[in-house]
1. With r defined as the distance between the Cβ atoms of Ala236 and Ser95 and R0 fixed at 41 Å, what FRET efficiency is calculated, to the nearest 0.05?
2. Mind ordering 189-201, 52-64 by average Cβ neighbours within 10 Å, highest first?
3. Could you work out how far apart the two model spin labels at Glu107 and Ala58 are, taking each label as a point 7 Å from the Cα in the direction of the beta carbon, and quote it in nm?
4. Set Lys and Arg Cβ to +1 and Asp and Glu Cβ to -1, take the dipole of region 168-297 about its Cα centre, and tell me which of Val291, Ala205, Thr247 lies farthest positive.
5. Report, in listed order, any pair from Lys157/Lys265; Lys159/Lys224; Lys159/Lys295; Lys157/Lys240 with a Cα-Cα distance greater than 27 Å.
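Values in this text are rule-based calculations from the coordinates and carry no lab data. If you're wondering where the values come from, they're calculated on a predicted model, not measured in any experiment. Heads up, the Cβs are rebuilt from the backbone with ideal geometry, glycines too, and the neighbour counts pull from every protein chain shown.
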Amino acid sequence: KLQFLYFIGTPHTLYTSSDMAKWLLLSLGLLGRTLGETPAELSTDADDAVAANAQFVAAFNAGNAAACAALYTDSAVIFYNLHYKSPQRGMYSGSEIEAYWEGLIQEGYAAMTITWSTVTVMNDNTVMVDVATNWTVSNGYGFTSRVWERDTNGDMKIKLSYLDLTLVSTPVPTPVPTTITDAALAANGELLAFFKAGNIAECAAFYEDDAVVYGGTIGNFYGKTQILNYYTLLSAAGIKGATFTTTGTSVTGNTVLVSASWKKKQGILVTKGTVSRVWNMGADGSMLVSVEHFKVTVSLSR
């Protein structure tokens with residue numbers, strides 16, 4: 001039986017393939033329809049998710065773990081990845097969520113500030129908010145994806161959350177943004193070159209072992225093995241023949257968000273979309289992707 005091992009605190013907790021299935025089913029459950037919802041409704045979903053996200057940050061900074069937990073759905077899951085001395089990973093759900101945030105608060109984490117954020121409307125009533133954060137304690141910084149879903153009362157609640165947090169025992173040197181950005185752009189270019197050349201194995205090598213890809217209508221993928229399947233599907237769809245154009249970069253600590261648009265023409269059919277990757281710089285200067293979002297925004301005949 002395939003098992004995945006995550007270490008969090010003491011004692012160590014073993015999560016089996018059934019736990020991972022729960023994670024994947026929740027991820028796949030994010031896929032939905034966008035037809036029939038007006039731009040105004042989509043904008044309202046996005047605005048409400050951003051407002052709810054700000055409410056979450058305010059609750060955390062006030063040391064109110066109960067208020068943080070109240071912003072999650074009853075079936076919500078947190079996937080947690082901590083980089084500090086030895087990697088620690090885990091999944092939290094139900095009553096564990098309040099205990100998780102209470103633990104961070106008791107350990108002295110405070111003054112979470114958002115350094116940049118992006119918003120993706122995934123389907124009706126479901127919005128993903130990606131945020132990069134800095135923490136005043138332990139020189140921490142991190143990246144969080146929160147999927148907000150409108151409940152039956154009309155409130156936005158967190159359905160799924162991925163937290164990637166880095167802590168160091170000595171202050172993090174302030175990187176020169178152009179250096180970090182150039183490294184991320186160079187790695188992004190190398191990844192694209194391998195993809196266009198059909199070298200899928202090399203593409204997967206650019207991802208962290210526990211990287212997550214949110215692929216929109218293609219599906220969601222966890223870990224390098226599934227990411228190989230992701231690139232296989234992209235190749236089969238002819239995406240490697242698309243033209244990719246970088247549209248922006250954002251830097252926080254040793255993390256860079258690289259956003260791009262893509263366009264593919266085949267006969268009278270034109271398909272367009274976006275792809276965003278979160279690149280993390282390792283101690284050796286290498287760049288690896290931790291989270292990626294791939295989206296088809298329009299497909300029409302010219």
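1. 0.45
2. 52-64, 189-201
3. Computed distance between label sites Glu107 and Ala58 equals 2.7 nm.
4. Thr247
5. Lys157/Lys265; Lys157/Lys240
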